[in-house]
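The structure appears right after this line, and notes come after that.
The values are calculated or read from the model by the stated rules, or taken from the named source; none is laboratory data. None of these values were measured; they are calculated from a predicted model. With ideal geometry, Cβ positions are generated from the backbone for all residues, glycine too; neighbour counts draw on all protein chains shown.
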Amino acid sequence: MNETSPEIYFQLTPVWQGVAVLCAVLLTVGFWSYRRAGKLSSACRVLLWGLRVGSVALVLFLLADPHRIDRKAFDETREVAVLLDVSQSMALHDTPDQSTRMALAKAFAESIQSQAGIAGHLRLYTFGERLGTTNELATVTASESHSRFSEAVASLLNQPRDVPLGAVVLLSDGQFADTAASRESALKLHRAGIPLFAFGFGTPEEAADVVLRGAVGGQIVPFDPKIRLGLTVDSP
């Protein structure tokens, strides 16, 4: 553990230029007022003047709401969990380069693994209907019928581990079967002090089963509720 010297932090940051002007005015007024009191000795004038200035300075200091901060750095190993979505929607070819969502997610996971600073603390998980672990990205396929992020988080938090969980990296297209519960799981991680880094691939919208193209009417019939159209039906 590395310790640093304590610091004083002001909740209300004072405007130091204004404080300096105010102190100068108070010093001048105090010196002038006690100088007029001819019956006081020089020692009493200085003492009373110092007490007034000290009282004002103490009030200003307390109004700034000071806090003492002791900074401590803990060199504790923590696990970084990478959650890879393996639902069937990750196999769609709707990325800018027409590769699958899974291919982009795998490439991103490999880039994380190549970072020397955290590579030794990474652990790769897959999640669909349940949470799993893997050491080989090449063997991971998008084969689960759906993905449940809330169950994956619950299993992740309940797993016994040698080092505490430090962060969660989510690689997914966002098409969860438990959307409402997934939001609550993200809040659960936040309340536990575990940061969640989410990276999306593809689109969170459901893919269309049928697309209608080239709808053309033979004539303009503005007042007739029925009109004959010619169109093309595609199944993407």
Which residues, taken from the stretch 16-53, are at pLDDT 70 or above and assigned to a loop (DSSP other than H, G, I, E, B)?
SER41
If we keep only residues of the stretch 99-136 that are assigned to a helix (DSSP H, G or I) and touching a Leu at 6+ places or on another chain (Cβ under 7 Å), then the residue surrounded by the fewest Cβ atoms within 10 Å (Cβ to Cβ) is GLU110
Matching residues in the stretch 155-166 - criterion: being surrounded by 17 or more Cβ atoms within 10 Å (Cβ to Cβ) and in contact with a Phe, Trp or Tyr (Cβ under 9 Å, 6 or more places away or on another chain):
LEU156
Residues (part of a loop (DSSP other than H, G, I, E, B), touching a Ser or Thr at 6+ places or on another chain (Cβ under 9 Å) and surrounded by fewer than 21 Cβ atoms within 10 Å (Cβ to Cβ)) located in the stretch 168-193
GLY174, ALA177, ASP178
With criteria (1) among the acidic types (Asp, Glu); (2) within 19 Å of the chain's Cα centre (by Cα); (3) closer than 21 Å to LEU92 by Cβ, GLU129 comes up short on (2)
Just to be sure before I move on: is SER145 among the small types (Gly, Ala, Ser), in contact with a Gly (Cβ under 9 Å, 6 or more places away or on another chain) and at pLDDT below 90 in the structure I sent?
yes
Would you confirm whether any residue within the stretch 58-76 is under 26 Å from SER155 (Cβ atoms) and either acidic (Asp, Glu) or surrounded by fewer than 16 Cβ atoms within 10 Å (Cβ to Cβ) (or both)?
yes
Just to be sure I understand, how many residues within the stretch 77-98 are closer than 23 Å to LEU156 by Cα and surrounded by 12 or more Cβ atoms within 10 Å (Cβ to Cβ)?
13
